[in-house]
Amino acid sequence: MYYNTPHNPTGRVLSESLLAAMADFARRNDLWVVSDDVYEHYSYDAVHVRGRLLAPERTFAAHSFSKAYGMAGNRCGYVLGPSAVMRELRKVSTHTFYSTPTASQIAAQRALLGPGDAWAARAAALYADTGRKAAARLGLPPPQGSTFLFLDVADRLDERGLLGFLDDCVERGLLVAQGTSFGPYPTHIRLCFTSVEPERVLRGVEVLAGILGR
């Protein structure tokens with residue numbers, strides 16, 4: 001069983017009661033659980049609960065320096081799990097990628113030993129403010145967490161479909177992700193409200209609001 005909270009692309013945060021029910025389901029069906037916590041620092045109006053705390057004997061928790069500390073290019077993270085099976089997990093990872101680059105590991109270590117958590121706290125406040133402003137302008141609920149808004153644009157699609165809508169965005173200098181990159185969402189787009197500084201994000205949101213007629 002795999003879940004991601006705070007969630008990409010929807011910005012939702014799973015509640016403790018739902019996570020507890022999922023942990024109970026995993027126990028009853030003898031399932032391993034992967035708790036994707038890479039956006040754990042970016043939970044706004046909802047409380048992020050680490051799923052591993054609810055079923056530690058069967059849960060692997062994924063964490064990311066890339067997401068937590070603005071190190072997207074470094075691609076560095078780690079996994080916590082039951083000690084009895086971590087050796088087997090390391091075998092799998094070794095045959096998937098041999099090693100995280102040394103420079104990325106050094107940067108991650110410095111984040112842990114230095115200003116990492118303080119930086120993340122400041123970033124979370126900035127992200128939350130930008131996300132709320134973007135959502136309000138587009139007539140959407142504010143994001144509970146992560147760094148995205150996920151919206152259905154079906155009422156603005158013509159015979160060209162979603163790709164035509166994306167072309168219209170590009171012509172106006174706006175780049176958003178297509179929903180089909182995340183699953184069966186042929187009429188959705190994902191807007192990242194942390195990809196550039198807030199002022200530019202909100203200018204882009206104005207462009208998108210104009211395209212959507214909002």
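Worth pointing out:
- On the stretch given as region 27-54, residues that are surrounded by fewer than 19 Cβ atoms within 10 Å (Cβ to Cβ) and outside any loop (DSSP other than H, G, I, E, B) total 4.
- Total residues in region 75-89, condition among the small types (Gly, Ala, Ser) and out of contact with any strand residue (DSSP E or B) (no Cβ under 6 Å at 6 or more places or on another chain): 2
- Identity of the residue in region 167-187, touching a strand residue (DSSP E or B) at 6+ places or on another chain (Cβ under 6 Å) and without any contact (Cβ under 8 Å) to a residue 60 or more places away in the chain, that ends up farthest from residue 68 (Cα to Cα): 187
- Within the set 104, 83, 99, the sole residue that is touching a helix residue (DSSP H, G or I) at 6+ places or on another chain (Cβ under 9 Å), loosely packed, with under 13 Cβ neighbours inside 10 Å, closer than 24 Å to residue 34 by Cβ and not assigned by TED's automatic domain parsing to the domain that holds residue 177 turns out to be 99.
- Residues satisfying the stated conditions in region 2-32, i.e. hydrophobic (A, V, I, L, M, F, W, C) and more than 18 Å from the chain's Cα centre (by Cα): 18, 20, 21, 22, 23, 25, 26, 31, 32
- Selection within region 55-74 - touching a helix residue (DSSP H, G or I) at 6+ places or on another chain (Cβ under 9 Å) and surrounded by 19 or more Cβ atoms within 10 Å (Cβ to Cβ): 55, 59, 60, 61, 65, 68, 69, 74
- The set of residues in region 183-214 that are basic (Lys, Arg) and within 16 Å of residue 165 (Cβ to Cβ) comprises 190, 214.
- Residue among 24, 45, 36 that is over 17 Å from residue 194 (Cα atoms) and either in the same structural domain as residue 179 (by TED's automatic domain parsing) or out of contact with any strand residue (DSSP E or B) (no Cβ under 9 Å at 6 or more places or on another chain) (or both): 24
- Any chance residue 21 is touching a residue at least 12 places away in the same chain (Cβ under 8 Å) and either over 26 Å from residue 105 (Cβ atoms) or outside any loop (DSSP other than H, G, I, E, B) (or both): no
- Criterion: touching a Phe, Trp or Tyr at 6+ places or on another chain (Cβ under 6 Å) and touching a residue at least 40 places away in the same chain (Cβ under 8 Å) - qualifying residue of 190, 156, 214, 137: 190
The values are calculated or read from the model by the stated rules, or taken from the named source; none is laboratory data. Source: prediction; values computed, not measured. Cβ atoms come from the backbone with ideal geometry, glycine included; neighbour counts cover every protein chain shown.
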